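Chemist: Take this structure, written in structure tokens, and hold onto it; I'll ask about it next.
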Amino acid sequence: MAQRLKTDWILFLTVIALVCFGLVMVYSASSMIAELKYHLSSTFFLLRQLGWAVVSVFLLLYCMKRDYRRWNDPRFAFAGLGVVLLLLVAVYFLDSGSHRWLKAGPFSLQPSELAKPALALFLAFFLCRRLGAVNDRHTLGPLAIVIAFVALAVAIADLGTAVVLVLTSIAVIYVAGVELRYLVACAILAVILAAGAIAAKPYRLARVLEFVDKDHKLLAKIDPHGWLLEHSRQTGSTSDPGYQQRQAKIAIGSGGVLGAGLMQSKQKMLYLPEAQNDFIYAIVGEETGLFGSVLLLAAFLVLLWRGMRTYVRATDNFGRYLALSVTVCLVVQALINVSVVLGLLPNKGIPLPFISYGGSSLLSTLLLMGMLLSVSEHAA
């Protein structure tokens, strides 16, 4: 007798609502930029995002209806990571400037975004086979090597995504039962590697210094020769690393409780650079106010609730850790993005899931949600 599938309609409809709201906000945030900065049609960014949304929703439906237990196979777990790593190597050489994009005519893909579903699948596959010996060196060693290798490959051009991958991995292996001493060691190593990645790129260092020591008083004591400050000023991206966050705060503050109304943002008129991307939450705050901003955060809380519900209800370890990995990845990314926009974390380019403009991000996000819905729908 065929298994009767039970769709989590609360989760599914929340995802669709977020995608639709994201399309509205992308158009609102990008229409003026498209015309004034790029001299394009006001619907240019909307139509591109809509195309990605259609493809991504079909992928979500496909994954949702496919039994997730079929992915509990080394061919999927290792092939996914292998393909992502090959793409990251390819993009390093093919995109000599930013090392981020694979381009073919009007089509472009950001391989680092695909590392999220690939790593989620690998974590679920690996942990469900090693739960009885999760603190064994034969478990922790290979796991640490894979996570570090993927994170470092991603961090070359996309430190924000690398941070999301590492935090997701730490959270998942903690739930799996890894001893605290090993987690502390991983955290220390992650901080050291992150510090190295920040120091390697002057613009990253400039953003961190702007956040933690704006007047450079503490830096003068630590580095009296001024080497770090001089290194941070070698960036050609901006002479004012705190500009975006200040403009974002102005946008959110001017929105008040109810907001200025859709399409009525003033900060998107070239005051907030590329408002449709990583800082789109500021436009949400300006146009929909406190009410809309909190409602958007509530939608992510719904995703957290339904994701953890799926984790608890799954009857097999693979399903449980797949649901956990997906949920933590999306929630951590959303939390970091909102924290950056609100000035609670240093400026770091990382999109807001479902909402920010970017086809690769939307594709990766809905692929993750397809996995989560598959666990919810097929778990007995």
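The values are calculated or read from the model by the stated rules, or taken from the named source; none is laboratory data. Since this is a predicted model, take the numbers as computed values, not measurements. Reconstructed Cβ throughout: ideal geometry from the backbone, glycine too, with neighbour counts over all protein chains shown.
Chemist: Hey, could you check the stretch 352-380 for residues that are modelled with pLDDT under 95 and assigned to a loop (DSSP other than H, G, I, E, B) and say which is nearest to M64 (Cα to Cα)?
Modeler: A379
Chemist: Here's something else I'd like to know. Restricting attention to the stretch 249-285, which residues are of a type in the set (S, T, N, Q), in contact with a Phe, Trp or Tyr (Cβ under 8 Å, 6 or more places away or on another chain) and outside any loop (DSSP other than H, G, I, E, B)?
Modeler: At the first step, the residues of the stretch 249-285 found to be of a type in the set (S, T, N, Q) are 254, 264-265, 267, 276-277.
Adding the requirement that they be in contact with a Phe, Trp or Tyr (Cβ under 8 Å, 6 or more places away or on another chain) leaves 276-277.
Once the filter is applied, which keeps residues that are of a type in the set (S, T, N, Q), in contact with a Phe, Trp or Tyr (Cβ under 8 Å, 6 or more places away or on another chain) and outside any loop (DSSP other than H, G, I, E, B), the stretch 249-285 yields nothing.
Chemist: Right, here's the next one. Among the residues of the stretch 118-137, is there at least one that is more than 21 Å from L322 (Cβ to Cβ), touching a residue at least 12 places away in the same chain (Cβ under 8 Å) and in a loop (DSSP other than H, G, I, E, B)?
Modeler: Looking only at the stretch 118-137, we keep the residues that are more than 21 Å from L322 (Cβ to Cβ), and these are 135-137.
The next check asks that each one be touching a residue at least 12 places away in the same chain (Cβ under 8 Å); those that pass are 135.
Within this subset, residues satisfying the condition of being in a loop (DSSP other than H, G, I, E, B) are 135.
Taking every residue of the stretch 118-137 in turn, at least one turns out to be more than 21 Å from L322 (Cβ to Cβ), touching a residue at least 12 places away in the same chain (Cβ under 8 Å) and in a loop (DSSP other than H, G, I, E, B).
Chemist: Another question, then. Quick one: which residue in V146, V163, V172 is closer than 20 Å to A79 by Cβ, in a helix (DSSP H, G or I) and touching a residue at least 24 places away in the same chain (Cβ under 8 Å)?
Modeler: V146
Chemist: Please determine whether any residue of the stretch 310-317 is touching a helix residue (DSSP H, G or I) at 6+ places or on another chain (Cβ under 8 Å), outside any helix (DSSP H, G or I), buried (at least 20 other Cβ atoms within 10 Å of the Cβ) and of a type in the set (A, V, I, L, M).
Modeler: Yes: one or more hits.
Chemist: Of these, A104, A34, A115, which one is without any contact (Cβ under 8 Å) to a residue 12 or more places away in the chain, surrounded by 14 or more Cβ atoms within 10 Å (Cβ to Cβ) and either at positive phi or hydrophobic (A, V, I, L, M, F, W, C) (or both)? Break it down stepwise before answering.
Modeler: Details: A104 fails: surrounded by 14 or more Cβ atoms within 10 Å (Cβ to Cβ); A115 fails: without any contact (Cβ under 8 Å) to a residue 12 or more places away in the chain.
Answer to the check: A34.
Chemist: Quick test for you: out of R181, R233, R207, R246, pick the one residue that is under 25 Å from D278 (Cβ atoms) and either modelled with pLDDT of 85 or more or out of contact with any Pro (no Cβ under 8 Å at 6 or more places or on another chain) (or both). So that I can check it myself, show each step before the final result.
Modeler: Numbers: R181 fails: under 25 Å from D278 (Cβ atoms); R233 fails: either modelled with pLDDT of 85 or more or out of contact with any Pro (no Cβ under 8 Å at 6 or more places or on another chain) (or both); R207 fails: either modelled with pLDDT of 85 or more or out of contact with any Pro (no Cβ under 8 Å at 6 or more places or on another chain) (or both).
So the residue among R181, R233, R207, R246 that is under 25 Å from D278 (Cβ atoms) and either modelled with pLDDT of 85 or more or out of contact with any Pro (no Cβ under 8 Å at 6 or more places or on another chain) (or both) is R246.
Chemist: From F149, F122, F107, F93, which residue is more than 20 Å from I336 (Cβ to Cβ), over 15 Å from the mean Cα position of the chain (by Cα) and modelled with pLDDT of 90 or more?
Modeler: Values: F149 fails: modelled with pLDDT of 90 or more; F107 fails: modelled with pLDDT of 90 or more; F93 fails: modelled with pLDDT of 90 or more.
Unique residue meeting the criteria: F122.
Chemist: I'm checking my understanding of the structure. Among residues of the stretch 237-252 that are small (G, A, S) and in contact (Cβ under 8 Å) with a residue 24 or more places away in the chain, which one is farthest from L290 (Cα to Cα)?
Modeler: Looking only at the stretch 237-252, we keep the residues that are small (G, A, S), and these are 237, 239, 242, 248, 251.
Filter once more, keeping what is in contact (Cβ under 8 Å) with a residue 24 or more places away in the chain: 237, 242, 248, 251.
Values: S237: 32, G242: 23, A248: 14, A251: 12 Å.
Per the criteria, the residue is S237.
Chemist: Being under 20 Å from L363 (Cα atoms) and acidic (D, E), is that true of even one residue in the stretch 97-118?
Modeler: From the stretch 97-118, those under 20 Å from L363 (Cα atoms) are 99-118; that's our starting set.
Among the residues that remain, those that are also acidic (D, E) are: 113.
Yes, the stretch 97-118 has at least one match.
Chemist: Return yes or no: is L143 modelled with pLDDT of 90 or more and within 19 Å of L183 (Cβ to Cβ)? Walk me through it before giving the result.
Modeler: On the way: modelled with pLDDT of 90 or more: no; within 19 Å of L183 (Cβ to Cβ): yes.
No, not satisfied.
Chemist: I'd like to know if the stretch 250-264 contains one or more residues that are out of contact with any Asp or Glu (no Cβ under 6 Å at 6 or more places or on another chain), closer than 30 Å to A157 by Cβ and at pLDDT 85 or above.
Modeler: yes
Chemist: Any idea which residue in the stretch 132-143 is surrounded by the fewest Cβ atoms within 10 Å (Cβ to Cβ), counting only those that are of a type in the set (A, V, I, L, M, F, W, C) and touching a Phe, Trp or Tyr at 6+ places or on another chain (Cβ under 9 Å)? First the steps, then the outcome.
Modeler: We begin by selecting, within the stretch 132-143, every residue of a type in the set (A, V, I, L, M, F, W, C); these are 133-134, 140, 143.
Still in the running and touching a Phe, Trp or Tyr at 6+ places or on another chain (Cβ under 9 Å): 140, 143.
Values: L140: 19, L143: 21.
It comes out as L140.
Chemist: Can you tell which of V57, V15, V26, V84 is among the β-branched types (V, I, T), more than 24 Å from A323 (Cα to Cα) and within 20 Å of the chain's Cα centre (by Cα)?
Modeler: On the way: V57 fails: more than 24 Å from A323 (Cα to Cα); V15 fails: more than 24 Å from A323 (Cα to Cα); V84 fails: more than 24 Å from A323 (Cα to Cα).
When all the criteria are applied, what remains is V26.
Chemist: Among the numbered criteria (1) out of contact with any Ser or Thr (no Cβ under 9 Å at 6 or more places or on another chain); (2) at negative phi; (3) of a type outside the set (D, E); (4) surrounded by fewer than 24 Cβ atoms within 10 Å (Cβ to Cβ), which one does V332 miss?
Modeler: Looking at each condition in turn, V332 falls short on (1).
Chemist: May I ask you to say which residue of F45, F78 is crowded, with 20+ Cβ neighbours inside 10 Å and modelled with pLDDT of 90 or more?
Modeler: Values: F78 fails: crowded, with 20+ Cβ neighbours inside 10 Å.
Checking each option against the conditions leaves just F45.
Chemist: For residues that are free of Cβ contacts under 8 Å to residues at least 40 places away in the same chain and not small (G, A, S), scanning just the stretch 175-200, find the one that is farthest from N337 (Cα to Cα).
Modeler: Initially, the stretch 175-200 is screened for residues free of Cβ contacts under 8 Å to residues at least 40 places away in the same chain, giving 180-181, 183-185, 187-188, 190-192, 194-196, 198-200.
Those still in the list that are not small (G, A, S) too: 180-181, 183-184, 188, 191-192, 198.
Numbers: L180: 27, R181: 29, L183: 24, V184: 25, I188: 23, V191: 19, I192: 22, I198: 18 Å.
Step by step, filter the stretch 175-200, then rank; the result is R181.
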